[in-house]
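Q: Okay, handing you the structure first.
The values are calculated or read from the model by the stated rules, or taken from the named source; none is laboratory data. Quick caveat: nothing in here was measured; it's all calculated off a predicted structure. Because the Cβ atoms are built from the backbone with ideal geometry, glycine has one as well, and the counts that use them run over all protein chains shown. Ligands, DNA and RNA are excluded from the accessible area calculation, which covers all protein heavy atoms including side chains. Shrake-Rupley method; radii C 1.70, N 1.55, O 1.52, S 1.80 Å.
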Amino acid sequence: MFAERTGFIIWVSDLKAARNLEKYGTVHYISRRMHYVVMYVNAERADDTMKNVKRLSYVRKIERSYRNEIKTEYASKTADKTSFYGV
C-alpha cells in the first residue's frame, strides 16, 4: 500500500541551493543553524538517489538513517503488575 521509505541526513554548505533537493525526494526538515536537510526517498531508488545527490556541489556529507532497522517492539521479562494493583 505505502512505498518503503529511507531517510537521509544531508549536510549542505548552501541552504538556498538545498531547496533543490525536493526533486530527489521529500524534504522533511531544513536546519538553518546546523546546515543539514532531512529527506525521505523511496527505498528502491535510494542508492541511485544517493549517488546523484553526492555529485551536487553544495552537499558536504550524506548519512543514512537506520530507523527502519532498529527493533521497535520490546518484550518485558518481568511480569505485568497491573493486575496486582486492581486496574
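Q: Just to verify a result, which residue in the stretch 60-76, among those that are in a strand (DSSP E or B) and touching a Ser or Thr at 6+ places or on another chain (Cβ under 9 Å), is least open to solvent (accessible area, probe 1.4 Å)? Outline the logic, then answer.
A: Step one: of the stretch 60-76, the residues in a strand (DSSP E or B) are 60-64.
Imposing the further condition that a residue be touching a Ser or Thr at 6+ places or on another chain (Cβ under 9 Å) reduces the set to 60, 64.
Values: Arg60: 156, Arg64: 95 Å².
Looking at the filtered set, the residue picked out is Arg64.
Q: Next question, about the same structure. Of all residues in the stretch 42-52 being part of a helix (DSSP H, G or I) and polar (S, T, N, Q), which is least open to solvent (accessible area, probe 1.4 Å)?
A: Thr49
Q: Please go through the stretch 1-25 and give me each residue that is over 12 Å from the mean Cα position of the chain (by Cα) and open to solvent by less than 100 Å² (accessible area, probe 1.4 Å), ordered by number.
A: Within the stretch 1-25, Ala3, Trp11, Val12, Ser13, Asp14, Leu15, Ala17, Ala18, Asn20, Leu21, Tyr24 qualify.
Q: Is there any pair linking a residue in the stretch 53-78 that is closer than 20 Å to Met34 by Cβ to one that is surrounded by 10 or more Cβ atoms within 10 Å (Cβ to Cβ) and among the acidic types (Asp, Glu), with Cβ under 9 Å and at least six apart or on different chains, and which?
A: Ser57/Asp14; Tyr58/Asp14
Q: Looking at this structure, is Ser57 farther than 16 Å from Arg5 by Cα and either open to solvent by 100 Å² or more (accessible area, probe 1.4 Å) or of a type in the set (Asp, Glu) (or both)?
A: Yes; evaluated as a whole, the condition is true for this residue.
Q: What are the residues in the stretch 26-41 that are open to solvent by 20 Å² or more (accessible area, probe 1.4 Å) and either of a type in the set (Gly, Ala, Ser) or at pLDDT below 95 (or both), if any?
A: Matches in the stretch 26-41: none.
Q: Assuming Met50 fulfils every condition listed in (1) touching a helix residue (DSSP H, G or I) at 6+ places or on another chain (Cβ under 9 Å); (2) free of Cβ contacts under 8 Å to residues at least 60 places away in the same chain apart from one, which condition is it?
A: (1)
Q: So, one more: Could you give every pair whose Cβ atoms fall below 6 Å, whose first residue belongs to the stretch 7-21 and is under 14 Å from Lys54 (Cα atoms), and whose second residue is part of a helix (DSSP H, G or I), counting only separations of at least 6 or pairs across chains?
A: Listed by first residue and then by second, the contacts come to Val12/Ala18.
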